[in-house]
1. Return the pair list, or none, for Cβ contacts closer than 6 Å from residues in the stretch 69-80 that are closer than 14 Å to residue 58 by Cβ to residues that are surrounded by 10 or more Cβ atoms within 10 Å (Cβ to Cβ), at least 6 apart or on different chains.
2. If residue 97 passes every condition in (1) at pLDDT 95 or above; (2) surrounded by 15 or more Cβ atoms within 10 Å (Cβ to Cβ); (3) part of a helix (DSSP H, G or I) but one, which one does it miss?
3. Can you name the residue in the stretch 61-78 that is of a type in the set (S, T, N, Q) and assigned to a helix (DSSP H, G or I) and is also farthest from residue 16 (Cα to Cα) among such residues?
4. Could you check the stretch 11-32 and list, in sequence order, the residues that are surrounded by 13 or more Cβ atoms within 10 Å (Cβ to Cβ), assigned to a loop (DSSP other than H, G, I, E, B) and at pLDDT 95 or above?
5. Does the stretch 79-90 include one or more residues that are surrounded by fewer than 16 Cβ atoms within 10 Å (Cβ to Cβ) and part of a loop (DSSP other than H, G, I, E, B)?
6. Just checking, which of 95, 83 is in contact with a helix residue (DSSP H, G or I) (Cβ under 9 Å, 6 or more places away or on another chain), of a type in the set (A, V, I, L, M, F, W, C) and closer than 17 Å to residue 42 by Cα?
7. When you look at residue 109, is it under 19 Å from residue 12 (Cβ atoms), modelled with pLDDT under 95 and either hydrophobic (A, V, I, L, M, F, W, C) or surrounded by 14 or more Cβ atoms within 10 Å (Cβ to Cβ) (or both), yes or no?
8. Among the residues of the stretch 57-97, what is the count of those that are of a type in the set (D, E, K, R) and on the phi > 0 side of the Ramachandran plot?
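The values are calculated or read from the model by the stated rules, or taken from the named source; none is laboratory data. Given the structure is predicted, the values throughout are model-derived calculations rather than measurements. Counting neighbours? That spans all protein chains shown, and the Cβs are built from the backbone with ideal geometry, glycine included.
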Amino acid sequence: MNNLPLLGGAVNGPSFLPVDEVAKCRTFREIVRLSWAHRRVKGMTQRTLAELIGCYPSHVSDYLQADDKPTRRDLPAQRLGEWASAVGNWGVQQWLNRQANLTIMEEVIAQRAA
């Protein structure tokens, strides 16, 4: 697990976003922007986020652009854990679980049955 530096003191782990807000997101890019909008540290800049998740600032800028042009980069799957830790919420993971119609408990049950 990567250790992320604390911003402004000790904080709890990532929290969950309101289910109704997550459900309104139609695309992966929309949930990434919603997750950013609900970041725990409101004063965090995109540059700081880039440093925390190990990406270039220009990539983070692409992830958060509202125009959704096909040339825009998407947040890579390998950065989801760092993203959740940095922004302080599980919004992207919540949306992915909804898309798969899968809950964490269902996954655990299936793994134990295998």
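1. 72/62; 72/65; 73/59; 73/62; 75/32; 75/63
2. The number of the failed condition is (1).
3. Of everything passing the filter in the stretch 61-78, 61 is farthest from residue 16 (Cα to Cα).
4. Answer for the stretch 11-32, where residues must be surrounded by 13 or more Cβ atoms within 10 Å (Cβ to Cβ), assigned to a loop (DSSP other than H, G, I, E, B) and at pLDDT 95 or above: 14, 17, 25.
5. There is no residue in the stretch 79-90 that is surrounded by fewer than 16 Cβ atoms within 10 Å (Cβ to Cβ) and part of a loop (DSSP other than H, G, I, E, B).
6. Being in contact with a helix residue (DSSP H, G or I) (Cβ under 9 Å, 6 or more places away or on another chain), of a type in the set (A, V, I, L, M, F, W, C) and closer than 17 Å to residue 42 by Cα holds for just one of 95, 83, which is 83.
7. no
8. 1
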